[in-house]
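Reading through the structure tokens given below for one structure.
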């Protein structure tokens, strides 16, 4: 079995927390400034390599809409202030460069 070396996509992880907020359950993300451009690159690489079908809830008027998107997963822990965790996915190596012009 080959040794797996984790190569994080972000220099510092994104912190998330799910807790009771002003409008009920609330998801809060804290994205370190050092990680923002890396996150944008990672999301574009996901679009280029791992887009998938899914659905989103728009509002009571429109309901669920099927679309294409990307998934970001993370383990969550149950703490005193609600669920929390960090997001720092595996870097996508050799992703196609879509910034180049075709001519």
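The values are calculated or read from the model by the stated rules, or taken from the named source; none is laboratory data. Model, not experiment: these values are computed from the prediction. When we count neighbours, we look across all protein chains shown, and the Cβ atoms used for this are built from the backbone with ideal geometry, even at glycine.
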I'm told residue 53 meets every condition in (1) under 24 Å from residue 21 (Cβ atoms); (2) in a strand (DSSP E or B); (3) under 19 Å from the mean Cα position of the chain (by Cα) except one. Can you identify the failing condition by its number? (1)
Quick check on residue 72: is it surrounded by 11 or more Cβ atoms within 10 Å (Cβ to Cβ), in a loop (DSSP other than H, G, I, E, B) and in contact with a strand residue (DSSP E or B) (Cβ under 7 Å, 6 or more places away or on another chain)? yes
Taking the stretch 1-40 as the search range and keeping residues that are touching a residue at least 12 places away in the same chain (Cβ under 8 Å), part of a helix (DSSP H, G or I) and surrounded by 11 or more Cβ atoms within 10 Å (Cβ to Cβ), which one is nearest to the chain's Cα centre (by Cα)? 39
Are there any pairs, at least 6 apart or on different chains, whose C-beta atoms fall under 7 Å, with the first in the stretch 77-88 and without any contact (Cβ under 8 Å) to a residue 40 or more places away in the chain and the second surrounded by 14 or more Cβ atoms within 10 Å (Cβ to Cβ) and assigned to a strand (DSSP E or B), and if so, which? 77/83; 77/84; 77/85
Please find, among 39, 18, 29, 43, the residue that is modelled with pLDDT of 90 or more and out of contact with any strand residue (DSSP E or B) (no Cβ under 8 Å at 6 or more places or on another chain). 43
